[in-house]
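Below is one structure, written out as structure tokens, with a few remarks after it.
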Amino acid sequence: MLGSILGIVDCVAMLMGAIVGAYLPFYTVPYVHILLAGISLLFIFFPESPQYLLLHKKIPEAQQSHNFYRNSMPKEKITEEFNRLRESIVDSTKNTKEVVTLKDFKSPSTVKALVICVITFTGRQASGIGTILNFNGLIFKETGMEMNHNLGTIIFSIVQLISFFTMSLYVDKFGRRIQLIGSLMGTFVSYIPIAGYFYAQSVGLNVTALSSWLPLVAFSGVAIFSMGIIHTPSIIMTEVVPTKLRGTVVLLIYLITRVQSILVLQFFLPLIEKFGLHTCIFAFATWTIIEALFVFLYVPETKGRSVDDIVKNLVKKTNK
């Protein structure tokens with residue numbers, strides 16, 4: 001549920017960004033972002049998570065934190081849930097030292113979890129989803145649609161929001177693995193017509209008859225299916241990485257993806273000029289197929305299993 005809420009908030013933020021960018025003066029937009037960033041600073045007054053405090057053996061503080069975040073539940077259920085959480089974290093860390101060392105990352109099960117996280121997270125950019133989000137105004141403009149390209153960006157964001165809200169209702173029904181594969185294949189199918197459209201445009205064919213509908217339909221497909229590519233990896237990461245290493249792995253993964261994002265933003269426009277937009281989109285489509293095969297062959301299904309149960313099963317498979 002928390003992952004779904006975060007995803008919906010993310011989609012709302014992208015929609016707000018599209019609207020603000022389209023209708024406010026250029027130099028006004030940063031002030032809006034500064035205001036929102038200032039509001040987010042209020043969260044430093046919230047307590048640390050119960051998991052973090054339990055990992056650092058701060059039991060009373062962890063219980064207070066758990067009560068704070070679960071105060072809408074009946075008191076007996078809060079206590080029961082906290083006891084289960086404490087037992088699971090104690091069990092997962094009783095044979096390990098508190099300090100994270102390089103040795104913790106050498107077990108085959110942990111290496112497998114890291115590979116899964118790196119591939120699925122870097123797939124956000126490698127599949128072109130991050131690029132489409134950052135350059136969708138420019139891309140809509142390149143299609144030659146009669147519709148204002150800023151309006152196209154807003155429609156794209158609205159479709160994403162609706163798509164993610166719908167997806168969040170079924171993520172536990174179909175499982176993370178099926179959802180991610182479906183998102184990748186759906187994005188691939190959506191990429192092919194728009195890549196073909198840009199290729200035809202680049203060789204001088206008349207695509208005027210298609211410009212009024214094909215780009216919008218194809219990019220709506222990308223918006224619908226891309227939500228699984230963007231948000232499912234976050235759910236998978238919390239379910240396959242051992243509790244002790246989770247904070248370190250999150251930091252490592254986000255460092256890798258931020259560097260990747262900077263490189264993509266830096267080189268995407270030069271690549272378009274050299275190879276054409278159609279080549280870039282064909283490359284994105286190729287990655288979605290590669291990642292779908294990786295998920296099918298390598299990523300386990302985590303549906304209906306607790307975080308610690310998944311990690312324990314990875315360890316058992318390694319020890320066999």
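Points to keep in mind about this one:
- Residue count for the stretch 22-49, restricted to those that are in contact with a helix residue (DSSP H, G or I) (Cβ under 6 Å, 6 or more places away or on another chain) and under 25 Å from His149 (Cβ atoms): 3
- Residues that are closer than 28 Å to Ala113 by Cβ number at least 1 in the following helices (runs of 4 or more DSSP H) confined to the stretch 205-293: 214-240, 246-275.
- Taking every residue in the stretch 21-46 that is touching a residue at least 12 places away in the same chain (Cβ under 8 Å) and pairing it with any residue that is surrounded by 10 or more Cβ atoms within 10 Å (Cβ to Cβ) and of a type in the set (A, V, I, L, M), at least 6 positions away or on another chain, the pairs with Cβ-Cβ distances below 8 Å are Gly21/Val29; Ala22/Leu151; Ala22/Ile154; Val32/Val20; Val32/Leu24.
- Qualifying residue in the stretch 225-234 (condition: assigned by TED's automatic domain parsing to the domain that holds Leu133 and on the phi > 0 side of the Ramachandran plot): no
- Just one of the numbered conditions (1) more than 30 Å from Pro242 (Cα to Cα); (2) modelled with pLDDT of 85 or more is not true of Leu151: (2).
- Wholly within the stretch 1-55, helices (runs of 4 or more DSSP H) carrying at least 3 residues that are surrounded by fewer than 12 Cβ atoms within 10 Å (Cβ to Cβ), modelled with pLDDT of 80 or more and of a type outside the set (S, T, N, Q): 29-40
- Picking from residues in the stretch 195-205 that are surrounded by fewer than 13 Cβ atoms within 10 Å (Cβ to Cβ) and aliphatic (A, V, I, L, M), the one that is nearest to the chain's Cα centre (by Cα) is Val203.
- With respect to the stated conditions, Thr208 is polar (S, T, N, Q) and loosely packed, with under 15 Cβ neighbours inside 10 Å.
The values are calculated or read from the model by the stated rules, or taken from the named source; none is laboratory data. Keep in mind the model is a prediction, meaning the values are calculated, not measured. All Cβ positions, glycine included, derive from the backbone under ideal geometry; neighbour counts span all protein chains shown.
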